[in-house]
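Nothing in this text is a laboratory measurement; each read-out follows from the coordinates by a stated rule. Predicted model, so just to flag it, every value in this text is computed and none were measured. Cβ sites come from the backbone with ideal geometry, for glycine too, and all protein chains shown count toward neighbours.
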Amino acid sequence: MSVSLKISGVSKVFEKNVALNNVNLQIRAGEFVCLLGPSGCGKSTLLRLIAGLDRPSDGRIYINDRDVTNLPPARRNFGIMFQSYALFPNLSAFENVAYGLRNKKIKNKDIEERVGRLFEMIKLTNAKDRLPSQMSGGEQQRVALARALATEPDFLLLDEPLSALDAKVRISLRKEICSIQKELGLTTIMVTHDQDEALTMADRIIVMNKAVVMQEGTPEEIYEHPENPFVADFIGSINFIDREKSRVYNLGNYERVAIRPEKIEIERTADKESLRGKIADIEFRGFYNRVSVQVSHVVYGDMVLYVDVPFQAAKEKKFKVGEIVYVNMPKEELLGFESA
């Protein structure tokens, strides 16, 4: 049965270093939540507090409305999967997964059945007898996931589980983890600094920076409606326009205005809303081209805008470096921030 978690006013201080500062969160049963942020923001510390591997300096942690702040890890019934697979090198894949079950004195027949079912789930039935050294990184990570699930935990904690894998394997495992999580309805919390992982895997993203939560919401909410410049800049690419230039170009009276590169329109002909500029650079990025347009103002100087043009459109229009173009920033796509 999946569980709900509540983090209430949690802080953690290591000597003089504040790792978490008054964090409040609620995680619903069956939800897949990503803790996203740069290195040192406090996300792994929060995961360790949830697991009971550390104790908070202040605040309380609740699992299904039960205060577990001072309970040891063994009494929290979670599965955990780390970046370093942490498999026993001298045990077969099967015995790595069965290890926790044998410690619980579960009957051999039940272990065989449960572990066999998990190997079917992770699609590694033919690798049960291999040692970790005989397996690829992706296969080892699948075994680590099966081991985390073997004891039928109430919730699953993932600490940057995919960061050591190459891109193709990482994308494949993302889908498998999400599929298994949904099949089991398991409350899952994953730490990552990879925005693509968070956007593609999470039901809800919690963006952290400098020991505090900056914003929480669905991937769409976080991307389309960032609440502050940090979140806007950390999730995806964005153009920032400072107060003076935003007023010059009639973009509003905020301290900062921002717009995503894919929201900007670029043409060879002008309309009354467009800005004249020169193409300074074109980067091929696979399914789109990133075009850098230098817009100049006689008083306020240059402003470089990054415009993402879908590959097929870029192929048809054949933009060239040095060419004069006109860019339009639709008002409805602008993001305004009160503080810089």
- What distance in nm separates the simple spin-label points at Ser57 and Gln312, each placed 7 Å from Cα in the Cβ direction? 5.5 nm
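Could you rank the peptides 183-193, 164-174 by their average count of other C-beta atoms within 10 Å per residue, with the highest value first? Before the final figure, lay out each step's value.
Numbers: 183-193: 20.5, 164-174: 14.7.
Per-residue Cβ counts within 10 Å, averaged per peptide and sorted highest first, yield 183-193, 164-174.
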- Query: So for region 1-142, taking the charge dipole from beta-carbon charges (+1 Lys/Arg, -1 Asp/Glu), which of Phe82, Gly100, Thr45 sits furthest toward the positive end?
  - Reply: Gly100
- Space enclosed by the convex hull of the alpha-carbon atoms of the chain, per residue, Å³: 168 Å³
- Note on the structure: Counting only DSSP beta bridges with both partners in region 143-249, the antiparallel fraction in percent, to the nearest 5, comes to 50 percent
- Please work out how many pairs of lysine residues in region 197-340 are eight or more positions apart (or on different chains) and have Cα atoms closer than 21 angstrom. 16
- Output ³J(HN,Hα) for region 45-50: one whole-Hz value per residue in order, computed from phi by the Karplus curve 6.51 cos²θ - 1.76 cosθ + 1.60 with θ = phi - 60°, and x for Gly and Pro. 4, 4, 4, 5, 5, 4
- Zero-based 5 Å bins, Cα pair distances in region 254-328, whole percents: 3, 16, 27, 28, 16, 6, 3, 1
- Task: Would you work out the charge dipole size for the chain about its Cα centre, treating the Cβ of every Lys and Arg as +1 and the Cβ of every Asp and Glu as -1, and quote it to the nearest 20 debye?
- Result: 900 debye
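Run the dipole for region 263-340 about the Cα centre, Lys and Arg Cβ at +1, Asp and Glu Cβ at -1, nothing else charged, and hand back the magnitude in debye, nearest 20.
Details: 12 positive and 13 negative charges, 71 e Å.
Roughly 340 debye, rounded to the nearest 20.
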- Query: Beyond 16 Å, what share of the Cα-Cα pairs of region 54-156 remains, rounded to the nearest whole percent?
  - Reply: 60 percent
- How many nm separate the modelled label positions at Lys16 and Ser172, each set 7 Å beyond the Cα in the direction of the Cβ? 5.0 nm
- Query: In degrees from 0 to 90, rounded to the nearest 10, what is the angle of the helix 137-150 Cα long axis to the longest principal axis of the chain?
  - Reply: 60 degrees
- Magnitude of the Cβ-charge dipole of region 30-173, K/R +1 and D/E -1, about the Cα centre, nearest 20 debye? 300 debye
- Counting helices only, and only those DSSP H runs with n ≥ 4, report the 222 nm mean residue ellipticity of the chain as the sum of -39,500 (n - 2.57) divided by its residues, in deg cm²/dmol to the nearest 500. -8500 deg cm²/dmol
- Message: Need one number: % antiparallel among DSSP beta bridges in the chain, to the nearest 5.
- Response: 70 percent
